[in-house]
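Have a look at the structure below before the remarks.
The values are calculated or read from the model by the stated rules, or taken from the named source; none is laboratory data. Since this is a predicted model, take the numbers as computed values, not measurements. Positions of Cβ are backbone-derived with ideal geometry, glycine not excepted, and every protein chain shown enters the neighbour counts. Surface areas here come from the heavy atoms of the whole protein model, side chains and all, with no ligands, DNA or RNA. Shrake-Rupley method; radii C 1.70, N 1.55, O 1.52, S 1.80 Å.
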Amino acid sequence: RQLFRLNEIVEKKELAPRIKEIKVYNPRIAAKARAGQFVIVKVGEEGERIPLTIADWDREKGLITIVFQEVGVSTYKLGRLGVGDVITDVVGPLGNPSEIEKFGTVVCVGGGVGIAAIYPMAKELKKAGNRVISIIGARNKDLLIYEEEMRRVSDELRITTDDGSKGRKGFVSDELRDLLNSGLKVDRVIAVGPAIMMKTCADVTRPFNVKTIVSLNSLMLCGMGMCGACRVEVGGKTRFVCVDGPDFDAHQVNFDVLIKRLNAYKAEEQLALKRFLE
Ligand code: NAD
């Protein structure tokens, strides 16, 4: 049996331009990981801590799968590591596992990189005996990831692209609206992707009174409920995504606060990336 070092990258794949999948050796996290949980990763001793969803795991081999998009300094740094490199720190599994039960018919909606995060949920919901209808979408066909993975764990897979280069032209929320309008009885909707997509999906399901869960992607530092950086407003109360979530009832989330806080450091993030890439 091949021996790996803790947090060693043992596989790396480019799924789409700037979207990478890595398999990391960490048997303890792999042993405990459940759908909906995440890890906090740090590259370099002085590196920034960033939360990333655990997309998959192999308990026997001790591997976890992480999918990330290179958008800022830290994800670029992570993207530069190759097979055989060791990630400085990987903490997890963090966050509460998603609620997995037999609900009936569940619609799993994944937008962009969020598809990799919805995948373990769809997989476990299918295993629990649900009828899983998945809707996945990306800006264009080249950015669509995990199509085969999602097909394997779904009873039905629907695809959208913003530009119409694959599947239905439009947003995942458009397909969700049509599905609900068709009169199909849906017991639960789970949506993961950009905040604006989750907000739109919540607006779509509200009039149908379908319980809707979203996995929030707020900025995060400690990941264990101490620092408060990831605070969001849910049902009029302050909640921490790391220890109270990341899954919340979409109809209770104040998405405007989430979006505002996600954009709070945009200028600094862009400047830091510019300096890093120079
Ligand atoms: P993107 O901007 O390419 O959008 C992906 C899809 O979301 C689009 O194709 C569309 O179907 C839908 N969408 C976008 N804007 C919409 C709108 N206004 N209304 C309705 N639907 C809309 O997304 P990206 O660049 O891949 O970004 C992925 C996002 O997912 C990031 O913001 C990341 O933080 C988030 N994410 C969240 C988690 C989590 O656990 N919550 C995990 C991974 C990624």
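Cα centroids of segment 121-135 and segment 188-250: how far apart, whole angstrom?
20
If each DSSP helix of 4+ residues adds -39,500 (n - 2.57) and the sum is divided by the residues in the chain, what number results at 222 nm, nearest 500 deg cm²/dmol?
Details: 9 runs with 80 residues, N = 278.
Dividing the helical sum by the residues of the chain leaves -8000 deg cm²/dmol.
Among the lysines in segment 178-278, how many pairs, 8 or more places apart or on different chains, have alpha carbons under 24 Å apart?
10
Between Leu184, Leu262, Leu81, where does the largest GNM mean-square fluctuation fall for the chain, given springs only between Cα atoms within less than 10 Å?
Most flexible of the set in this elastic network: Leu184.
Which of the listed residues, Gly84, Phe68, Ala55, is farthest toward the dipole's positive end in segment 9-94, when Lys, Arg count +1 and Asp, Glu count -1 at the beta-carbon?
The residue sitting farthest along the positive end of the dipole is Ala55.
Per residue, what accessible area does segment 6-137 have, given a 1.4 Å probe and all protein chains present, in Å²?
Values: 5190 Å² over 132 residues.
Per residue, segment 6-137 has 39 Å² of solvent-accessible surface.
If you roll a 1.4 angstrom probe over the protein chains with everything in place, what fraction of the accessible area of the chain belongs to carbon and sulfur, to the nearest %?
Numbers: 6380 of 13220 Å².
With neighbouring chains kept in place, the figure for the chain is 48 percent.
Of all DSSP beta bridges located in the chain, what percent are antiparallel, nearest 5?
Details: 35 of 58 bridges.
In the chain, DSSP labels about 60 percent of beta bridges as antiparallel.
Straight distance only, please: which lysines reach the Cα of Lys61 with their own Cα at less than 25 Å, same-chain residues fewer than 8 apart left out?
Cα-Cα hits under 25 Å: Lys12, Lys13, Lys20, Lys23, Lys32, Lys42, Lys123, Lys126, Lys127.
Could you give log10 I(q)/I(0) at q = 0.14, 0.16 Å⁻¹ for the chain, computed by the Debye formula over C-alpha point scatterers of equal weight, without solvent?
Listed by q, the Debye log ratios stand at -1.01, -1.33.
Looking only at Cβ-Cβ distances, which cysteines of the chain have no other cysteine closer than 4.7 Å?
Lacking a cysteine Cβ partner under 4.7 Å: Cys108, Cys201, Cys230, Cys242.
With a 1.4 Å probe and all protein chains kept in place, how much accessible area does Cys222 have, in Å² rounded to the nearest 10?
20
Arranged from highest to lowest average of other beta-carbon atoms within 10 Å per residue, in what order do the peptides 186-197, 140-151, 50-61 appear? Each step should come with its number before you reach the end.
On the way: 186-197: 22.2, 140-151: 18.1, 50-61: 19.9.
Listed from highest to lowest mean packing, they are 186-197, 50-61, 140-151.
Mind checking which of Val241, Ala122, Leu15 is farthest towards the positive end of the chain's charge dipole, using Cβ charges of +1 (Lys, Arg) and -1 (Asp, Glu) about the Cα centre?
Most positive-ward Cα: Ala122.
Run the quick spin-label model on Leu271 and Glu101: label points 7 Å from Cα toward the beta carbon, then report their separation in nm to one decimal.
For the pair Leu271/Glu101, the computed spacing is 4.9 nm.
Starting from the Cα-Cα distance between Arg80 and Val257, subtract it from 0.36 nm times their residue separation and give me the gain in nm to one decimal. Don't skip to the answer; put the middle values down first.
Values: separation 177, 0.36 × 177 = 63.72 nm, distance 3.29 nm.
The Arg80-Val257 span can extend by a further 60.4 nm.
Label-point separation (nm) for Ala31 and Met224, each offset 7 Å from Cα along Cα-to-Cβ?
That separation, rounded to one decimal, is 1.9 nm.
Rounded to the nearest 10 degrees, what's the angle between the helix 266-277 long axis and the longest principal axis of the chain, both from Cα atoms, 0 to 90?
Once rounded, one gets 40 degrees.
Find the accessible area per residue for segment 195-237; the probe is 1.4 Å, ligands and nucleic acids are left out, and the unit is Å². Before the final figure, lay out the partial values.
Values: 1990 Å² over 43 residues.
Spelled out: the 1.4 Å probe surface of segment 195-237, per residue, equals 46 Å².
Using 7 Å Cα-to-Cβ label points, what is the Leu3/Lys127 separation (nm, one decimal)?
With each label placed 7 Å out from Cα toward Cβ, I get 3.1 nm.
Given an 8 Å cut-off on Cα distances and at least 6 residues of separation, report the relative contact order of the chain as a percent. If you can, show how the numbers build up before the last one.
Working: 617 pairs, mean separation 43.2, N = 278.
Reported as a whole number, the value is 16 percent.
What is the magnitude of the charge dipole of segment 9-94 about its Cα centre, with +1 placed on the Cβ of each Lys and Arg, -1 on the Cβ of each Asp and Glu, and no other charges, expressed in debye to the nearest 20? Walk me through the numbers on the way to the answer.
Numbers: 14 positive and 12 negative charges, 38 e Å.
Around 180 debye, computed over segment 9-94.
Taking 0.36 nm per residue of separation and subtracting the Cα-Cα distance, what length does fully extending Asp142 through Asp58 add?
On the way: separation 84, 0.36 × 84 = 30.24 nm, distance 2.72 nm.
Stretched out fully, the Asp142 to Asp58 stretch lengthens by 27.5 nm.
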